[in-house]
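The values are calculated or read from the model by the stated rules, or taken from the named source; none is laboratory data. Only a predicted model underlies this, so the values are computations on that prediction, with no experimental measurement involved. Side chains included, ligands, DNA and RNA excluded: accessible areas come from the protein's heavy atoms. Shrake-Rupley method; radii C 1.70, N 1.55, O 1.52, S 1.80 Å.
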Amino acid sequence: MLCGGTSAARPATDETQKIAEEVKPQLEEKEGKTFDVFTAVEFKTQVVAGTNYFIKVHVGNDEFVHLRVFRSLPHENKPLSLHSYQSSKTKHDELAFF
């Protein structure tokens, strides 16, 4: 990984799922709907002044969303933040920086 670049895509872990679930209400509010299915399938990270997580999430049927979640440095004691997202994604869409 290059300094400031993103890591390679990796299969989602339990921690990735917890991060996705923590920002799920933020996404639901922005989208104006609820997601019955919300399963993290893969992720990348980017170390900045904290960590950006790029997470591909299965939201039902053949639909996926890509989340960009920011985790601040531990001493800042701030909640996870849904920085941005991309909807209308498919299983085969590459998880890329956005």
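Any idea what log10 I(q)/I(0) is at q = 0.15, 0.16, 0.18 Å⁻¹ for the stretch 20-77, Debye with uniform C-alpha scatterers and no solvent?
These q points yield log10 I(q)/I(0) values of -0.47, -0.53, -0.65.
Over the Cα atoms of the chain, each weighted equally, I'd like the Debye log10 I(q)/I(0) at q = 0.10, 0.18, 0.19 Å⁻¹, rounded to two decimals.
-0.24, -0.79, -0.88
Leaving out ligands and nucleic acids, note down the accessible area per residue over the chain with a 1.4 angstrom probe, in whole Å².
Dividing the accessible area of the chain by its residue count gives 60 Å².
Considering Cα pairs under 8 angstrom that are at least six residues apart, work out the relative contact order of the chain and quote it in whole percent.
Answer for the chain is 24 percent.
Summarise the accessible area of the stretch 10-98 (1.4 Å probe, protein heavy atoms) by the percent that is carbon and sulfur.
Carbon and sulfur atoms account for 48 percent of the accessible area of the stretch 10-98.
Of H75, H58, H83, which has the largest mean-square fluctuation in a 10 Å C-alpha GNM of the chain?
Result for the chain, Cα springs under 10 Å: H75 fluctuates most.
Return the single residue from G32, G60, G50 with maximal mean-square fluctuation; model: Gaussian network over the chain, springs between Cα atoms under 10 Å.
Evaluated over the chain, the most mobile residue of the options is G32.
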